There are 2 protein chains.
Amino acid sequence: MNEMIDRNDLDNEAAELEALALRLSWGLRHRLQQQLEVFSLTLPQYMTMNILHRGSSGCSMSELAEASNQLSPTMTGIVDRLVERGLVTRERDDRDRRALRVELTDEGRHLMARISKQKRAWTRGFLQALLPEERVTINAVLLRFLEVVEALPAPVDEIKAGE
Amino acid sequence: MNEMIDRNDLDNEAAELEALALRLSWGLRHRLQQQLEVFSLTLPQYMTMNILHRGSSGCSMSELAEASNQLSPTMTGIVDRLVERGLVTRERDDRDRRALRVELTDEGRHLMARISKQKRAWTRGFLQALLPEERVTINAVLLRFLEVVEALPAPVDEIKAGE
DNA sequence: TATTGTTATACTCTATAACTATA
DNA sequence: TATAGTTATAGAGTATAACAATA
């Protein structure tokens, strides 16, 4: 009897969490894309530049693909457009002539700085909308959520009857 | 002096939060798409079916577009493919011959049930990976985060020098 | 042979503009 | 004239398969 209640509680919580995850993934993406539209960047393009921005000596194409969870033909297309806009360079690596080295240009770094400033204003607005006690926990909770999400195994196949 | 420290604290927190939001939007979307791939559905397609599933009497095309934050030509394409797969119907509304009424078919409802079962297994795994005290707060924190994100005004233009 | 990355191809989504049909 | 929705078109991302060059 008590077990039944617990099971239902867990299921209500799960249903809520599923709805939240969907809204979160959908809404957050729209927000980020809206922010980036001002700079004529797509989210995958920004993601790529962000990875380059965090490091210091550039990345190979496969490192970029791995870090952004993309396939290599996808990466090729994204970097094509960034090169065309002069935001990154893509040059052959002299130590391994198969590999390419992608790096931010000065213009790319400058654009990232402009975006950071914009983002920071937005984030400050966000934090100010929170109560002080909410502000203390929000980062830790989001990080924990993300870590558990990323740690869970990917579904490989459909669960069949009899759960 | 104290103000300087507070300002830096706020900025560190903001930088962390920005990184988290990016990872969250990116990672969560990949996870959801991975889940849906098993059923040969894209996230926008699932989003659309999910909106229809929550209501009872179907939606017009513009209601769908509004609820999923999409433009109407985008909606047309998504619904085209769902109709083609027999997951929804799209029929003229007799009371307003300009409008269309989109509804889930039995097959569509059946697919949603299969997806729900799969999702539930995944979500239970997620909740079990959390500590009991984390489980109590996670939903509330995510909801609050989402509400504040959605309430913030969209950026219309770039912030210029002098912040 | 294995690895790095590209090209070719096809499909989905997104955005804009022009259009049809109904109100 | 305004509203609901589509078609046309173009661009971006995603996935697979086939390929070239280097290791």
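A short reminder: the numbers here are calculations on the coordinates, not readings from a lab. Being a predicted model, the structure only gives us computed values, none of them experimental. Please note: Cβ atoms are built from the backbone with ideal geometry, for glycine as well, and neighbour counts cover all protein chains shown.
General remarks:
- Averaged over peptide A:7-16, the number of partner chain Cβ atoms lying within 10 Å of each residue's Cβ comes to 4.
- In segment B:53-163, a dipole from Cβ-located charges (positive for Lys and Arg, negative for Asp and Glu) runs towards its positive end, and of B:Leu104, B:Asn139, B:Ala65 it is B:Leu104 whose Cα lies farthest in that direction.
- Using just its DSSP H runs of length 4 or more, each adding -39500 (n - 2.57), the protein assembly as shown gives a mean residue ellipticity at 222 nm of -23500 deg cm²/dmol after division by all residues.
- Sorted from shortest to longest, the distances between the B:Phe39 label points of this copy and the other copies are 3.6 nm, with each point 7 Å from Cα along the line through the beta carbon.
- The rotation axis taking chain A to chain B passes closest to the C-beta of one chain A residue; that residue and the distance in whole Å read A:Val141, 2.
- Nearest-first distances (nm) between copies at A:Arg97, label 7 Å from Cα via Cβ: 7.2
- Rounded to the nearest Hz, the phi-derived 3J(HN,Hα) couplings of segment B:88-95 under the Karplus curve 6.51 cos²θ - 1.76 cosθ + 1.60 (θ = phi - 60°) are 9, 10, 9, 10, 4, 7, 6, 7, where x marks glycine and proline.
- 10 Å Cβ neighbours from other chains, averaged over peptide B:86-93: 0
- Footprinting exposure proxy ranking of B:Arg29, A:Arg92, fewest other C-beta atoms within 10 angstrom first, gives A:Arg92, B:Arg29.
- Rounded to the nearest 20, the Cβ-based charge dipole of the protein assembly as shown about its Cα centre (Lys and Arg +1, Asp and Glu -1) stands at 800 debye.
- Segment B:17-22 - phi-based ³J(HN,Hα) in whole Hz, Karplus 6.51/-1.76/1.60, Gly and Pro as x: 5, 5, 4, 5, 4, 5
- Tilt relative to chain A, helix A:106-129 - C-alpha long axis, 0 to 90 degrees, to 10: 20
- Pseudo-label separations to other copies for B:Leu131 - Cα-to-Cβ vector, 7 Å, nm: 2.2
- Mean Cβ count within 10 Å, highest first, over the residues of peptides B:20-27, B:79-86: B:20-27, B:79-86
- Shielding of B:30-40 by partner chains, average beta-carbon count, 10 Å: 3
- Computed about its Cα centre, the charge dipole of segment B:32-152 is approximately 300 debye, with only Lys, Arg, Asp and Glu carrying charge at their Cβ.
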